[in-house]
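Asks: What follows is a structure written as structure tokens; I'll ask about it next.
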Amino acid sequence: GIAVSYDRFRDRIMFPIRDLQGRTIAFGGRIIDKGEPKYINTAESKLFKKREQLFAIDKAKAAITSNGTAVVVEGYTDTIALHMVGFNNTVATLGTALTAQHLKLLTRFAQRVIYLFDGDEAGKRAADKASELIGALITPEAGPRRVDLFVAVLPQGDDPADFCAKRGQGALQEVFDSAQPLLRFALDRKLGRWDLSVPEQR
């Protein structure tokens with residue numbers, strides 16, 4: 001079995017983390033009130049390595065296979081909120097950024113991955129950091145299959161769960177439809193810091 005410390009997860013909502021076969025291999029806890037860190041997980045073990053596992057992959061793999069697209073968010077509650085409005089192809093990272101190992105797992109089911117970020121500054125910084133995955137896409141760890149990686153950023157101040165509650169499925173689909181390829185997103189963000197009408201900056 002998996003030993004769970006009560007003190008470690010005090011005042012947190014608990015979420016089981018399951019592998020592809022639906023077997024519980026760890027737990028995650030989200031703080032109920034304010035506090036840091038927002039999420040914590042079971043300690044890593046031979047069974048559980050957070051850089052390789054994705055929350056809800058067991059529930060999402062059929063939908064991902066069916067439509068060829070996986071949506072990746074950064075929280076358990078965001079994943080659940082998206083599933084509730086019909087985006088059953090949604091998974092979440094477990095306190096890490098998306099890794100080459102995650103991509104290797106997703107390419108078993110998906111041809112396209114949309115990495116969805118919050119509309120606040122922290123979300124935008126995380127989206128900028130996602131550009132580091134450009135190199136990961138061509139490393140051996142990513143596996144022999146290739147996946148098209150896109151980035152979508154929600155409007156200012158919204159996280160996926162809030163956006164779903166306020167705007168619904170149709171508005172979220174519009175966000176997904178406007179997702180940009182990762183390379184283009186990264187270039188636009190870099191170039192956006194300069195005034196290209198000025199020769200020196202160009």
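The values are calculated or read from the model by the stated rules, or taken from the named source; none is laboratory data. Quick caveat: nothing in here was measured; it's all calculated off a predicted structure. Ideal geometry is used to build each Cβ from the backbone, glycine not excepted, and the neighbour counts take in all protein chains shown. Side chains included, ligands, DNA and RNA excluded: accessible areas come from the protein's heavy atoms. Shrake-Rupley method; radii C 1.70, N 1.55, O 1.52, S 1.80 Å.
Asks: Around LEU20, under 13 Å between beta carbons, what's the net of Lys plus Arg minus Asp minus Glu among the other residues?
Replies: Net charge around LEU20: +3.
Asks: Here is a follow-up. Once fully extended, how much extra length lies between ARG184 and LYS49, figured as 0.36 nm per residue of separation less the alpha-carbon to alpha-carbon distance?
Replies: Taking ARG184 through LYS49 to full extension adds about 45.5 nm, to one decimal.
Asks: How high is the FRET efficiency from ILE31 to GLU174, r the C-beta distance, R0 35 Å, rounded to 0.05?
Replies: So the FRET efficiency works out to roughly 0.65.
Asks: Can you sort LYS166, LYS46, LYS38, LYS61 by 1.4 Å-probe accessible area, starting with the largest?
Replies: LYS46, LYS166, LYS38, LYS61
Asks: Also, quick follow-up: When N is the residue count of region 35-125, what does its C-alpha Rg come to as a fraction of 2.2 N^0.38 Å?
Replies: Taking N as the residue count of region 35-125, the ratio is 1.06.
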